[in-house]
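Take a look at the structure set out below.
The values are calculated or read from the model by the stated rules, or taken from the named source; none is laboratory data. In this text the structure is predicted, and so the values were computed from the model without any measurement. All Cβ positions, even for glycine, are placed from backbone atoms using ideal geometry, and neighbour counts span all protein chains on display.
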Amino acid sequence: MIHKTVREIAGAWKEYKRPYVKQSTMAAYALILENHVLPYFGDNDSLHEQVVQAFVLQKLESGLSVKTVKDILIVLKMVMKFGVKNEWMSYCEWDIKYPTSSSSNELEVLSVNNHRKILDYIQTHFSFTGLGIYISLTTGLRIGEVCALKWSDINVTDGTVTVSRTIERIYIIEGDRKHTQVVVNTPKTKNSCREIPMNKELLAMIKPLKKVVNDDFYVLTNDEHPTEPRTYRNYYKGLMAKLDIPKLKYHGLRHSFATRCIEAGCDYKTVSVLLGHSNISTTLDLYVHPNMEQKKRCISRMFKSLGK
């Protein structure tokens, strides 16, 4: 076995992986390697559990979330497996422990009143930029999906919005040169390509516009050039401040949409498909937290079915 360092293996792995993944995915991998993996493990020629465990604790202490650290480890594991396959490194099994966090992992969502307040405001103070927020709140689109939406994606006859594109700003690392670039891509996963029905109010807002707009233009700018998520996020923050609504990440609009669906008793599979999740467990993990009342109802229904 010819031992190689993690830095050498990572370099070869990137070249091997490049043809198989989206440019934005490759950029994310490169950034993780550059910022986290190589500074810590670059000169190592093995990845023993205790070293990886120490790395995890250090990253958590520096303020990274458990999810971010797990994402880094996914990349690290892929690099290790590639090294093992090419006989440049020995395989190490890891059983990583994460300290239990005291802070509750509660989702940030709008209250029903604030949800309604934003929708009402956008309806009475129409603007193309405002329309994007209305769409996110009534269809659950991600910010990149809303920014990439064109008028041709909206079908007023069927009353549907089709999601088939997303816009993101990605980091490009070429040797020592780093720059960012805005790219229009296919969405996150193949399930993210989806058709979502519009509610009556959204349809009523869009119907007259569809007669006069250029189908090739982006909805938020009503122009051939899109707006990027960073710019749109700033517009959203300004609107929330103006409406005196507590700070909430833009992604919280998607969470609010999903939460309202679950509260209204929609079945989980449908909510999962609307959100474009690749499997229902993602939806269940994120949004379905039955309270005691629901648990009691469930058990009494079960007893009823027994004829008790």
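Annotations
- Subset of region 185-197 (residues that are surrounded by 14 or more Cβ atoms within 10 Å (Cβ to Cβ) and either modelled with pLDDT of 85 or more or over 16 Å from the mean Cα position of the chain (by Cα) (or both)): Cys193, Arg194, Glu195, Ile196
- The numbered conditions (1) under 23 Å from Tyr121 (Cα atoms); (2) in the same structural domain as Leu209 (by TED's automatic domain parsing); (3) in contact (Cβ under 8 Å) with a residue 40 or more places away in the chain are all true for His251 except (2).
- Entirely in region 11-119, the helices (runs of 4 or more DSSP H) that have 2 or more residues that are closer than 30 Å to Gly132 by Cα: 23-32, 66-85
- All positions within region 11-70 that are free of Cβ contacts under 8 Å to residues at least 12 places away in the same chain and either of a type in the set (Asp, Glu) or within 18 Å of Asn86 (Cβ to Cβ) (or both): Gly11, Glu15, Arg18, Pro19, Tyr20, Glu61
- Looking only at region 11-45, and only at residues there that are of a type in the set (Val, Ile, Thr), out of contact with any Leu (no Cβ under 6 Å at 6 or more places or on another chain) and surrounded by 14 or more Cβ atoms within 10 Å (Cβ to Cβ), the one that is farthest from Ser62 (Cα to Cα): Thr25
- Criterion violated by Leu137 - all others in (1) free of Cβ contacts under 8 Å to residues at least 60 places away in the same chain; (2) on the phi < 0 side of the Ramachandran plot satisfied: (1)
- Of all residues in region 148-161, none satisfies being among the small types (Gly, Ala, Ser) and under 19 Å from Ser278 (Cα atoms).
- Within region 248-298, the set of residues being within 21 Å of Val146 (Cβ to Cβ), aliphatic (A, V, I, L, M) and modelled with pLDDT under 90 comprises just one member, Leu286.
- Test for Val183: is it of a type outside the set (Gly, Ala, Ser), part of a loop (DSSP other than H, G, I, E, B) and touching a residue at least 60 places away in the same chain (Cβ under 8 Å): no
- Checked against (1) surrounded by 15 or more Cβ atoms within 10 Å (Cβ to Cβ); (2) in contact with a helix residue (DSSP H, G or I) (Cβ under 6 Å, 6 or more places away or on another chain), Ile96 meets all criteria but (1).
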